[in-house]
1. Report the FRET efficiency, 1/(1 + (r/R0)^6), for A:Lys116 and A:Arg178, where r is their Cβ-Cβ distance and R0 is 22 Å, rounded to 0.05.
2. Please give the FRET efficiency for B:Asn211 paired with A:Leu13, using the beta carbon to beta carbon distance and R0 = 51 Å, rounded to the nearest 0.05.
3. By how many nm would the segment from B:Lys4 to B:Gln24 grow when fully extended, if each residue of separation counts as 0.36 nm and the alpha-carbon distance is taken off?
4. Using a 10 Å cut-off around each Cβ, can you sort A:Ile137, B:Ile70 from fewest to most neighbouring Cβ atoms?
5. Quick check on the exposure proxy: order B:Asp242, A:Asp16, B:Asp48 from fewest to most C-beta atoms within 10 angstrom.
6. Under 11 Å from the Cβ of B:Met62, count the other residues' Cβ atoms, weight Lys and Arg +1, Asp and Glu -1, and hand me the total.
7. Counting other beta carbons within 10 Å of each residue's own, what order do A:Ser71, A:Ser146, A:Ser66 fall into, fewest first?
8. Need the full-extension length gain, A:Glu131 to A:Arg148, defined as separation in residues times 0.36 nm minus the C-alpha distance. One decimal, nm.
Amino acid sequence: MSIQDEELYRRVLHKDKDALESLYDKYEKLLFSFSYKMTNNRELSEEVVQDVFMKLWTQKGTYDSSKGKFSSWLLTIARNAAIDLMRKKKETPYELEERDALQANEPSIEEMYEWKEEATVVRQAMTVLKEEQQRVIRLFYFDAKSHREIAERLELPLGTVKGRIRMALKHLQTEMIRREGGEERHE
Amino acid sequence: MSEKRCDMLIDYFNGQLTDEEEKQFEEHLETCESCQAELDEWRSLTEDLPYLSEPVEPESGMKDRVLSSIFDEEEQEETGNEQKNIEREQKKEEPVLFQPKKKRNWAVWGLAAALTASLIGNAAFLTQTPETVAPEPSEEEVVIDNLQQALTLQNPEGGEANGRASMVANDGEAQLVVQAEQLDALSGDEAYQVWLLEEGEPVRAGTFVPNEEGTGAVTYPMEGLQDRNWETLAITKEPGPDSETPQGDIVLASEI
């Protein structure tokens with residue numbers, strides 16, 4: 001799977017439009033859904049997706065396999081783009097728009113299984129975590145709040161925030177490993 | 001000191017540092033093994049978190065918009081200068097209507113426009129008949145450029161009509177851009193006239209005729225109008241395109 005990604009990426013470097021389109025088709029929904037989870041705004045989410053593929057095409061960021069999975073690299077670019085856009089929008093009042101309420105519908109069975117392979121373990125593991133630890137992960141990773149804001153929201157001294165983040169993430173990882181039952185991690 | 005830098009790790013990971021702070025932190029990161037280890041750990045521990053996202057269906061047509069904007073932008077870069085020249089030529093050929101006697105710098109008004117625009121409740125000053133203002137018929141381009149600060153225009157007495165007025169920089173030239181929607185249809189020589197008001201005295205600032213859907217737009221060069229204290233922008237329906245003072249009712253207005 002990732003070998004195919006790397007091959008497509010190599011072709012993108014040679015300005016192969018079809019290869020970019022293939023990567024787009026493959027990752028559109030994951031990137032859009034992840035961006036939406038971060039920004040809670042459909043318009044911004046589209047901008048994030050656009051930024052990611054623009055970076056890919058103009059080679060503003062370069063990938064090599066030593067950086068881990070291609071998909072993880074792409075998701076990291078998306079997260080950074082979402083953070084950037086949220087910061088910019090904070091400076092000018094932003095009108096929240098919800099033109100349609102598609103995301104309010106129950107996800108179809110097919111959608112639920114969209115990235116089932118990757119999602120099952122992490123979702124199950126997440127449910128085991130206490131609400132407090134889930135909140136740490138949400139504030140830290142998805143909301144990308146500042147150190148100070150995380151401390152305020154959790155009513156913690158600044159100095160203990162990092163420790164809480166590490167504990168929550170480690171706990172999640174332990175639960176994931178337990179669920180994977182020693183199987184090979186999907187690469 | 002070094003420990004203090006280590007405390008910046010969360011804000012670095014979450015893109016919350018200023019450019020300057022980020023540079024400082026990256027210098028620190030090069031030599032701080034514990035920060036490097038922690039950052040690597042966060043990256044690997046968070047790798048699967050995006051998959052927690054609930055599937056959301058993108059807006060229809062997103063693929064076309066994204067890919068075409070990426071490929072288009074590149075083509076524009078390739079043909080860059082050539083393209084710009086063509087655009088400039090085209091602008092010169094836009095329809096000509098009126099030329100302002102007075103023009104105005106946009107910077108001053110830009111500040112005012114950046115404040116929240118509020119609706120004027122009463123536009124009685126327009127019933128005065130100022131004698132001091134006698135603009136000459138002139139020309140004006142009907143080109144819309146990159147929008148900056150905007151005023152929201154509404155009818156003081158309510159209604160469907162609405163619009164926006166913005167100042168844009170166009171090749172370094174300040175322009176007033178007015179757009180309006182859901183305007184009543186015109187008949188005969190009637191036209192919509194934009195006015196800028198200073199102490200109740202109106203100055204012409206663009207004339208336009210909306211399309212069949214009641215949508216209209218006009219731009220007006222503001223060069224040389226920087227020393228004025230504009231208080232209000234108003235649009236009136238005029239019996240003809242060359243009223244020197246407002247004759248008709250205000251259809252849209254905003255305080256500046």
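Laboratory data are not the source of any read-out in this text; all were calculated from the coordinates shown. Note that this is a predicted model, so its numbers are computed, not measured. FYI the Cβ positions are ideal-geometry reconstructions off the backbone, even for glycines, and counts take in every protein chain you see.
1. Working: r = 19 Å, r/R0 = 0.86.
Result of the calculation: an efficiency of 0.70.
2. Computed FRET efficiency for B:Asn211 and A:Leu13 comes out at 0.65.
3. Working: separation 20, 0.36 × 20 = 7.20 nm, distance 1.16 nm.
So the chain would gain 6.0 nm between B:Lys4 and B:Gln24.
4. B:Ile70, A:Ile137
5. By the 10 Å Cβ count, ascending: A:Asp16, B:Asp242, B:Asp48.
6. Summing Lys and Arg as +1 and Asp and Glu as -1 gives -3.
7. A:Ser66, A:Ser146, A:Ser71
8. Separation in residues times 0.36 nm, less the Cα-Cα distance, equals 4.1 nm.
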